[in-house]
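These notes are about the structure you will find just below.
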Amino acid sequence: MIGIARLAVGGLMAIMAMGTAWAEDPLKARIGVLRLSSSAPVFIAQDKGYFREAGLEVELKFFDAAQPIAVATTSGDVDFGVTAFTAGLYNLGGKGVLKVIGGMSREKPGYPLIGYFASNNAYASGLKTPKDLAGKRVAMTQVGSSFHYSLGLLADKYGFKLADVKIVPLQSLSNAAAALKGETVDAALLPISTARKLMDEGGAKFLGWVGDETPWQLGAVFAAPKTLANKAMVTKFLGVLAKADREYHDVILASMKDGVAPINERTKPLLEIIAKYTNLPVEQVVGNCAYIDPDGKLDVKNVDNQIKWLQEQGFVDKGFDAEAIIAKEFVKAD
């Protein structure tokens, strides 16, 4: 009888141990991102094991444009999207199949991210500054993209008509860069990480930074309602991002001068992580550090302005505003 009792107790303990193991199994999450510094906190959290420590098994899925990430998030190909706002993202949000749950990168003076670049021929013919883009052929990823909105803000600032600019949507950053180098367009809006190689090879000329011309809330964190139903996973995910946001801000951004981060004992480990995931040498990453709010806050007022502008242009369906696409229980509003 004692032997049987011992077996029963042993079996119960084994079952309890298995139950504990099952309870501690990590939650699996796929994150859609671009290989840009605007996703630096995601890369830091992944590389330094912050997701794993929080009980998340994360897979990063890389894209070559922002809009497909929003589509992949709604289809379930990824659980979270971390990228720029686009007309496509807003339209999906307006239909209720996507919700914004946090802020990410911002265009801000002194923090190089997206720039205006001219082809060599156009530059030689007088395209010297961003305000000279009126009447030019300008490459970008997609109509209604963050690049398109940036150009619209520029047109409003300098008083020219956006309709006077010939938009050339080429679907990807690599295609836009190739068109600029090949002189089939006059200019392009590109992240510095994509454009730097062009400039180093003498294939393009720099005109200015979007952040210096027209600051705005560029990026966000978003998810589909199915993902949001798993509040434990969303809370863990945002908690880890908040930790990485703060580390990136306090170590990298706080040390920047004239748009460049120094390489020292404190910054180098994080710069090397960003370099690893963006496929850039550290020497290029230092001038390519996007601004991200240290608390992951979202500029809700600016998001509302974006939606209204895109609706006026006919890129986004009417009948909704920022309040309709934001998951208030998760967003920290700025």
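Please treat every number below as a calculation from the coordinates, not as lab data. Bear in mind that the values here come from a model prediction, so they are computed numbers and not experimental data. Glycine gets a Cβ as well: all are built from the backbone with ideal geometry, and neighbour counts include every protein chain shown.
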Item to check | Span from the the stretch 228-302 Cα centroid across to the the stretch 308-334 one, whole angstrom | outcome: 25 Å
Checklist outcome for this item: Non-local residues with an amide H under 5 Å from the amide H of residue 168, with H modelled 1.01 Å from N and Pro and chain starts lacking one, are 138, 139, 140
Checklist entry - Mean separation of Cα pairs under 8 Å and 6+ residues apart, divided by the residue count of the stretch 114-214: what relative contact order is that in percent? => result 46 percent
Checklist entry - Roughly how many debye, to the nearest 20, is the charge dipole of the stretch 114-214 about its Cα centre, given +1 on each Lys and Arg Cβ, -1 on each Asp and Glu Cβ, and no other charges? => result 100 debye
Checklist entry - How big is the stretch 114-214 on each of its three principal axes, counting only the C-alpha atoms and giving the largest first in Å? => result 33, 27, 24
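Please compute the net charge surrounding residue 92, taking Lys and Arg as +1 and Asp and Glu as -1 over other residues with Cβ under 14 Å from its Cβ.
Charge balance in the 14 Å sphere: +1.
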Item to check | Fluctuation leader among 138, 33, 300 - the chain, Gaussian network, Cα springs under 10 angstrom | outcome: 300
Checklist entry - DSSP loop trypsin sites (Lys or Arg not before Pro) in the stretch 159-247 with at most 11 other Cβ atoms within 10 Å of their Cβ, which ones? => result 161
Next on the checklist: Around residue 244, under 14 Å between beta carbons, what's the net of Lys plus Arg minus Asp minus Glu among the other residues?
Outcome noted: -2
Checklist entry - Can you tell me the Rg and Dmax of the stretch 160-261, counting just the alpha carbons, in angstroms? => result 18.7, 50
Item to check | the chain - mean residue ellipticity at 222 nm from DSSP helices (-39,500 (n - 2.57) per run, n ≥ 4, rounded to 500) | outcome: -12500 deg cm²/dmol
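Using Cβ counts within 10 Å as a stand-in for footprinting exposure, how do 245, 156 rank, fewest first?
156, 245
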Checklist entry - In the calculated pair distance distribution of the chain, what percentage of Cα-Cα distances lie above 36 Å? => result 22 percent
Item to check | Flagged links, alpha-carbon separation over 32 Å, of 166/308; 99/136; 99/243; 95/236; 181/276 | outcome: 99/136
